[in-house]
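Visitor: After the structure tokens below, expect a handful of questions from me.
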Amino acid sequence: MREAIRARGHEHVAATHESTFEVTTDDWLTPAGDCIVGIDADRAPADFDDDFVAACRDPGATITLTLALDDGETTQRVRARGHPDLTFESGRSAVVRTSTYVDDRTVAVGADAAAADLDRDLVAALADGGEVTLTLTVE
């Protein structure tokens, strides 16, 4: 099963946070948002299909998150896990965490990468305002 969120970068995308990365429906970003890699997202976790959400709640689920720029060449995959406490209730932000902490914004835990680990060419393109698609695939 798969869900996708389209967002765009912003001049303040720094991607230096060491335990999370996030896309948000907010259309602005301050320098303090060091985990945010995309703004003005077209969807939020609350929009996801119920079957997808149920699959992500399986603690044995593997969630693959793919960040793909619209240039058709720059992509990065992050592997994470599901968790029974995931709610997908946020109408604002989707957060991927390296930890097991869960709140209404969390879409995956135990990720093998955070914002600080993302490819710097990808981050630079986002800081230049590049368009990005975050695809979540659950197995």
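Visitor: For region 36-117, with only Lys/Arg (+1) and Asp/Glu (-1) charged at the beta-carbon, what is the dipole magnitude about the Cα centre, in debye rounded to 20?
Guide: My answer is approximately 340 debye.
Visitor: Right, another one. Give, to the nearest whole percent, the P(r) tail of region 1-119 beyond 16 angstrom, counting all Cα pairs.
Guide: Numbers: 4037 of 7021 pairs.
Taking all Cα-Cα pairs of region 1-119, the fraction more than 16 Å apart is 57 percent.
Visitor: On to the next question. Quick check: pseudo-label points 7 Å beyond the Cα along Cα→Cβ at Asp58 and Arg2, how many nm apart are they?
Guide: Spacing of the two 7 Å Cα→Cβ label points: 1.8 nm.
Visitor: Just to confirm my numbers, what's the Cα centroid distance between region 78-139 and region 43-58 in Å?
Guide: Centre-to-centre distance over Cα atoms comes out at 14 Å.
Visitor: Place a point 7 Å from Cα of Asp85 in the direction of its Cβ. Which residues in region 5-28 have their backbone N less than 20 Å from it?
Guide: Answer for region 5-28: 19-22.
Visitor: Which Cα, out of Thr98, Ala15, Gly129, lies furthest along the positive dipole direction of the chain (beta carbon charges, K/R +1, D/E -1)?
Guide: Value computed over the given set: Thr98.
Visitor: Report the charge-dipole magnitude of the chain in Debye, nearest 20, computed about the Cα centre from +1 at each Lys and Arg Cβ and -1 at each Asp and Glu Cβ. If you can, show how the numbers build up before the last one.
Guide: Numbers: 12 positive and 28 negative charges, 69 e Å.
The dipole of the chain has a size of about 320 debye.
Rule-based calculations on the coordinates, nothing more; no lab input. As the structure is a computational prediction, the values presented were derived from the model and not from experiment. A quick note on method: Cβ atoms are made from the backbone with ideal geometry, for glycine too, and the neighbour counts reach across all protein chains shown.
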